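Comments concern the structure below.
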Amino acid sequence: MRYLSSGESHGPCLTGIIEGLPANLELHKTDIDRHLARRQHGYGRGARMAIEHDRVDILSGLLFNRTTGNPLTLQVKNRDWDNWQKLMAPEGERPPEALPLTRPRPGHADLAGGLKYNHDDLRMVLERSSARETVMRVAVGSVARMLLERFGCKFYSHVVRIGPVLSAVKVTEIAGLTREIETSPLRCADLKAEAAMLKEIDQARREGDTLGGVFELYITGVPPGLGSHVHWDRRLDGRVAGALMSIQGIKGVETGAGFAAASLRGSEVHDPVTCSLSEGIGRASNRAGGFEGGITNGQPLIFRAAMKPIPTLLNPLPSVDLKTATPAAGAVERSDICAVPSAAVVAEAVIAWELADAFLEKFGGDYLEEVEAAYKFYMETVSKRMRWPAP
Ligand SMILES: Cc1cc2nc3c(=O)[nH]c(=O)nc-3n(C[C@H](O)[C@H](O)[C@H](O)COP(=O)(O)O)c2cc1C
């Protein structure tokens, strides 16, 4: 599978085209919209989220709620376009009120992107580097997720840190806490921590500052054998980590015990293989986070990602005005104070995409029943091999 997306933060819409989906997969636009709404949710988001009400339109590749095998085109309109039509017009003369953005925000793509594409107006960078682009990643990832959910995969995420405040909830507990997480303004099931996180965000807002944090993902029902040890670019843990790192603002990714494993002994880190008459062959623990040798091993997948504080500051850091080459404060745009809960939802989507891609590499077919037959055959073979003692 592959996809391309396009669209600018204040342009008319975001578009995504997915190619390679099997035919006959049942899809409902409401399922995509549900995840788009989850992405918009979260305490600390800026005024833009009050304007937008993201909903997908499916423009090709779906007939009566079944994929056809043709490219699937998704579109999400930007409601804010009404306010930007003149300032962002693709044709005609630049109006005098379309002032160029010339003071790069430290921590954003403005300066590096402006140098790379030789833009005098850094808005051209901002418009695509903005995390508004993740609307389409969530829409596309939701389609991938629907494919995987048919085969029993389930996706969970929660926020474990906002600034200095930590949640006491463990990643292995979150599958049983979905109601608490989905109704929390911060995707945090630890109420005490949540209250302290809300206070931190209010405090940062008052001071014209921003916050980052950490979220975790837990994915169950993933069959063993996705990805491969045989070549570096087929190692699925690397592909997923790359996808997570590609989310705006993500600066660290761990799987399983992650960085903590570096200070422990092998006997404290690796997961013993167990065998019993009732359970067959299994694992005593899951510190590997569901990957060994870049291949899924049948255990739940565990990822953790760190997001830096939002770069646009109401109380801006020193920068320069590129027009005059004189010192100036970084530009101030309407902005989020903290977007860690939304980033967790985006992360679910990008992981779903990578897993679905690896899933179709292993079980691929042009229509769903072909995929189902390959999956069934393989899972029966795995189940025979994992029986103990062998029959
Ligand atoms: C869901 C989400 C929302 C974001 N909202 C903002 C925002 O309102 N203002 C901002 O300056 N950065 C925001 N960011 C982060 C920037 O897009 C990001 O820091 C910037 O593109 C530079 O990329 P980098 O941090 O990966 O280097 C957001 C990121 C995500 C994932």
Residues R265 and S60, FRET efficiency given R0 of 56 Å [Cβ-Cβ distance, rounded to 0.05]: 0.50
For segment 92-205, just say rounded, prolate or oblate: build the C-alpha gyration tensor, square-root its eigenvalues into a ≥ b ≥ c, call rounded for a/c under 1.5, and beyond that prolate if a/b exceeds b/c, oblate if not. oblate
Considering only protein heavy atoms and a 1.4 Å probe, what is the carbon-and-sulfur percentage of the accessible area of the chain? 56 percent
May I ask for the net charge around I181, where only other residues with Cβ less than 12 Å from the Cβ of I181 are counted and Lys, Arg are +1 while Asp, Glu are -1? -4
What is the magnitude of the charge dipole of the chain about its Cα centre, with +1 placed on the Cβ of each Lys and Arg, -1 on the Cβ of each Asp and Glu, and no other charges, expressed in debye to the nearest 20? 560 debye
Dipole magnitude (debye, nearest 20) for segment 71-196, charges at Cβ of Lys, Arg, Asp, Glu: 380 debye
Charge-dipole axis of segment 200-268 as Lys and Arg at +1 and Asp and Glu at -1 on Cβ define it, positive-most pick from I250, S267, H231: H231
In order through segment 226-232: 3J(HN,Hα) via Karplus (6.51 cos²θ - 1.76 cosθ + 1.60), integer Hz, x for Gly, Pro: 7, x, 7, 7, 7, 8, 4
Are there GluC sites (Glu not before Pro) in segment 175-243 that DSSP marks as loop and that have at most 10 other Cβ atoms within 10 Å, and which are they? none
Just need the relative contact order of segment 52-161 here, percent rounded to a whole number, with Cα pairs under 8 Å and 6+ apart. 18 percent
What is the Cα coordinate range of segment 258-391 on the first, second and third principal axes, sorted by size from largest, in whole angstrom? 78, 46, 23
Sort 328-340, 369-381 for me by packing, meaning the mean count of neighbouring Cβ atoms within 10 Å per residue, highest on top. 328-340, 369-381
Tell me, what is the percent relative contact order of the chain, built from C-alpha pairs under 8 Å that lie six or more residues apart? 22 percent
Enumerate the helices in the chain for which the Kyte-Doolittle hydropathy averages 0.5 or more and the C-alpha atoms extend at least 15 Å along the helix's axis, using complete DSSP H runs. 134-150, 340-363
In whole Hz and in residue order, list the ³J(HN,Hα) couplings for segment 316-333 that follow from phi through the Karplus curve 6.51 cos²θ - 1.76 cosθ + 1.60, θ = phi - 60°; x for Gly and Pro. x, 7, x, 8, 9, 8, 5, 6, 10, 6, 10, x, 7, 6, x, 5, 10, 10
Top positive-direction residue, dipole computed over the chain with Cβ charges, set A241, V332, S285: S285
In a GNM of the chain with a 10 Å cut-off on Cα contacts, which of T68, T326, T15 has the highest mean-square fluctuation? T326
For the chain, taking Cα atoms only, what is the radius of gyration to one decimal and the Dmax to the nearest whole Å? 22.6, 80
Tell me the relative contact order for segment 287-391 as a rounded percent, counting alpha carbon contacts under 8 Å between residues six or more apart. 12 percent
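The values are calculated or read from the model by the stated rules, or taken from the named source; none is laboratory data. Keep in mind the model is a prediction, meaning the values are calculated, not measured. All Cβ positions, glycine included, derive from the backbone under ideal geometry; neighbour counts span all protein chains shown. Only protein heavy atoms, including side chains, enter the accessible area calculation; ligands, DNA and RNA are left aside. Shrake-Rupley method; radii C 1.70, N 1.55, O 1.52, S 1.80 Å.
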